[in-house]
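To start, the structure itself, in structure tokens.
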Amino acid sequence: MPHRLTAALHAAAVICCCASAGCDWPWKHDMVDQPSLQTATSPRPPAAGAVSTAGEPRINRTMAEHTLHNPRAGAPPTDQGRALYSSYCSPCHGIGGLGDGPVTRFFVPAGDLTSATIQQHSDGWIYATITNGTARMPRQGTELSRDERWEIVNVVRAFGARRP
Ligand code: HEC
């Protein structure tokens, strides 16, 4: 009899283990594994082929280079523009735009915004870069309004003007 009891207990233990492995118990989840957005991620981009009816149309840099017009073209950067640049860009690109922000010590080198490689492009190209991001630069199309992005474009332009 005790033999049978032990066998039954063993069988019960095995069944419990198998059941708990297959079941979705609440204690199997960490709060970190949840569908909320991680820090500095944007809401999901629209599905491929989706057509925007109200929002800003999506535009790539090559097209933006020649078609987008800066509403404040040639204007000096404003205090608001500088403040936005220092919050959204300087951590990687540095206060002076040289690509020496504190984050680069732990990340890949960020572009030197004063360089001819970047300054040769039009305001529209810089605007589209901010809007869409790059492979390793976060996109700001939803975080910053159009005006705010153009304000930042003028800050980046001023970096070029300062270069001899
Ligand atoms: C998290 C770091 C990070 C932040 C924040 C960031 N960038 Fe960048 N940026 C990069 C990196 C890295 C590159 C180089 C391209 C790459 O590796 O994807 C880059 C490239 C660029 C380029 C050149 C694009 C190219 O293809 O070479 C421009 C212009 C630029 N950034 C402007 C900005 C502006 C303006 C802001 C603020 C709105 C900003 N970036 C914020 C990391 C960042």
Rounded to the nearest 500, the 222 nm mean residue ellipticity computed for the chain from DSSP H runs (n ≥ 4, each -39500 (n - 2.57)) alone is -13000 deg cm²/dmol
Ignoring ligands and nucleic acids, Ile15 exposes an accessible area, probe 1.4 Å, in Å² to the nearest 10, of 110
Projected onto their principal axes, the Cα atoms of the chain stretch, largest extent first, over whole-Å spans of 95, 41, 26
Among the DSSP H helices of the chain, those whose Cα atoms extend at least 20 Å along the helix axis and whose mean Kyte-Doolittle hydropathy is -1.0 or higher are 2-22, 146-162
Rounded to the nearest 10 Å², the accessible area of Tyr88 using a 1.4 Å probe with every protein chain kept is 100
Extend 7 Å from the Cα of His66 along its Cα-to-C-beta direction; within region 118-142, residues with backbone N under 20 Å of that point are 118-129
Expected field for Trp25, accessible surface area in Å² at 1.4 Å probe radius, rounded to 10, holds 90
To the nearest 20 debye, region 61-162 has a Cα-centred charge dipole, built from +1 on Lys and Arg Cβ and -1 on Asp and Glu Cβ, of 120
Expressed in µm² per second, the diffusion coefficient of region 48-119 from the Stokes-Einstein equation, with Rh the Kirkwood radius over alpha carbon pairs, at 25 °C and 0.890 mPa s, is 166
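The values are calculated or read from the model by the stated rules, or taken from the named source; none is laboratory data. Just so we're clear, the structure is a prediction, and the values are computed from it rather than from any experiment. Backbone-built Cβ (ideal geometry, glycine too); neighbour counts: all protein chains shown. These accessible areas exclude ligands, DNA and RNA; they are computed on the full protein's heavy atoms, side chains included. Shrake-Rupley method; radii C 1.70, N 1.55, O 1.52, S 1.80 Å.
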